[in-house]
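Notes for the one structure printed next.
FYI, it's all coordinate maths here, none of it is from the lab. Nothing here was measured: the structure is a model prediction, and the numbers come from that model. Heads up, the Cβs are rebuilt from the backbone with ideal geometry, glycines too, and the neighbour counts pull from every protein chain shown.
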Amino acid sequence: MRGDNRQIQTAVLGGAASEDPLTLPLEAIELDAFRKRHERDTFWCGLFLGGCGFQLTTKLYTDRVCHFAHHPGADALSHRCGRRARGVASADHLYVKAAAAAWLRTAGHPGDLVHFDFARPDGAEIGSVLDIRFKERGLRVHLDQAVAPVWDVDGREPVLGVSVPVDRDTLIDRWYVHRIRLDSVGTSRQVRIGTEAFMRPTEWFALEECEMTGRGLTTPAVERLVRSRSTRPVSRRTAGQARKGPAPQARAEVLLRKLAEAQRLGSVLVVTQICGEIAAVPGLEEQGQAQARGAVAGARAWLKEQAAVREQLFVSLHDAVEARDVEVVRTLSVTANATASHARTGGETATAAAADALLAADAHERREEIMAAERDAERARRAADRVRALLSALRRPPVGLRSQQRRVWIRSSVQKLLLVAEQADSALSAREREHVESWRARTGSGGLPVQPGQPAADGRQVHDVACPACGAGPGVRCETPCGYHPSRTARLRRSR
């Protein structure tokens, strides 16, 4: 199949501000069924796809891939859409959002406590990054390489697309990283989560097999990896040997490893719990007791530091809410929800609620702006269609009008044309705007058309019958400035 540098494979349903994506089948035989299934739907070059917000239609081909194209009503020949991502993966961020929202609802996270943001750090294209924020943790999904992942910052755990590189040291230090991929299933895309560990192949799982824990996003592969690193090999016992519980020293070593891991992940709650478990381990030798005391003392010092950080975090969040700095509030809220969601004081709860309200209001305001832009674009499209109808009528005035009647009709039509053209704005092509301005110039300040037979300022003629060369109607300036012209020749002969 030949390539098509204008092809668009994804759209949204229902309107320009919709977040309901779909993918067009590539083959003609599949497109027929697709059209029947969506015969009552409308397709749009969605704003959340980085599109122009214009309506799309389907194009069926047998010699190349089928694709969406801008609706003829939007003047497809002259319309220039600034959308960059047009392939099958260009709506993946919308598919990920929909799948994550359903998954979190199933896991018991209320929808009003989950926030999604198509973040654009450093001016990245929309769709490169998706931030998911909820009470316990936060995730930042990197669908491409436009934004480099940052580890252990702002409480957001990076989830990397298959094209995003990760270095060997990161895999060794973190034990594993999560990846995401989307597979095409009919006209939709299915989310798969992978776990990549050092010297191990990536294991892939359905989203339903994953869960959010105190450790963050967890897959069956993570559980196996954590168990393998936190337990000692089981020795074989002969028949009749009694099963014994773990030795005190072995138990303490497991808890110390868990304590270090919890500190690395910044989990205050888990660190507090493990400190109590270590203190309760009986029968430790003197060396083991000293090691445990040192670890617990260090953990408690770390907890004091975290308490100070937490206090400063909520002070900064409160100041940002008071200043209505939405970007700072969004960043600090992710950190607060991920690292300080438990045992909040009354003041901290009030600050967090005020931050959530501010973010919700900002999201509502942005959605209203998008909807208003969509309404303006729709009005402009309708006005542009009216402009085209008026231009077509002016090229072919009603038959049987007398000279004075025709002049009045043209003057009235041009006045309507100029009024509607202002409403159409950028929905008109450059060629159409040129025609509108031409009519403005022809009628002059008084709104009267140039008399037939009189040359215009640029030397072009105005005919009393339709021009067969350029299609100009009666009373319309000819588009051909010179050369043989049957209507002009006939008029000149009659005048002689």
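Below is a table of values for the structure above.
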quantity	calculated
Residue order, fewest to most surrounding Cβ atoms within 10 angstrom, among Met371, Met212, Met199	Met199, Met371, Met212
Spacing of the two label points (7 Å from each Cα toward its C-beta) at Asp41 and Arg192, in nm	2.4 nm
Cut-off 11 Å between beta-carbons: net charge of the residues surrounding Ala206, Lys and Arg +1, Asp and Glu -1	-2
Net charge of Cβ neighbours under 12 Å - reference Ala292; Lys, Arg +1; Asp, Glu -1	-2
Length-normalised contact order of the stretch 86-206 in % [C-alpha pairs under 8 Å, at least 6 apart]	16 percent
Alpha-carbon centroids, the stretch 158-195 and the stretch 381-424: separation in whole Å	59 Å
Highest-first arrangement of 56-63, 409-416, where packing means the average Cβ count within 10 Å	409-416, 56-63
Simple spin-label estimate for Ala148 and Ala357 in nanometres, 7 Å along Cα-Cβ	4.0 nm
Pairwise label distance in nanometres, Val399 with Ile29, each label 7 Å out on the Cα-Cβ vector	5.1 nm
Where N is the number of residues in the stretch 344-449, Cα Rg divided by 2.2 N^0.38 Å	1.89
FRET efficiency for Trp175 and Asp425, using Cβ-Cβ distance with R0 set to 41 Å, rounded to 0.05	0.15
Order of Thr218, Thr195, Thr10 under a 10 Å beta carbon neighbour criterion, fewest first	Thr218, Thr195, Thr10
Extension gain, Ser163 back to Ala441 (0.36 nm per residue minus Cα-Cα distance, nm)	94.4 nm
Net charge over other residues, Cβ less than 14 angstrom from the Cβ of Leu317 (K, R count +1; D, E count -1)	-3
HN-Hα J in Hz across the stretch 215-220 - Karplus 6.51, -1.76, 1.60, θ = phi - 60°, x for Gly and Pro	7, x, 5, 10, 10, x
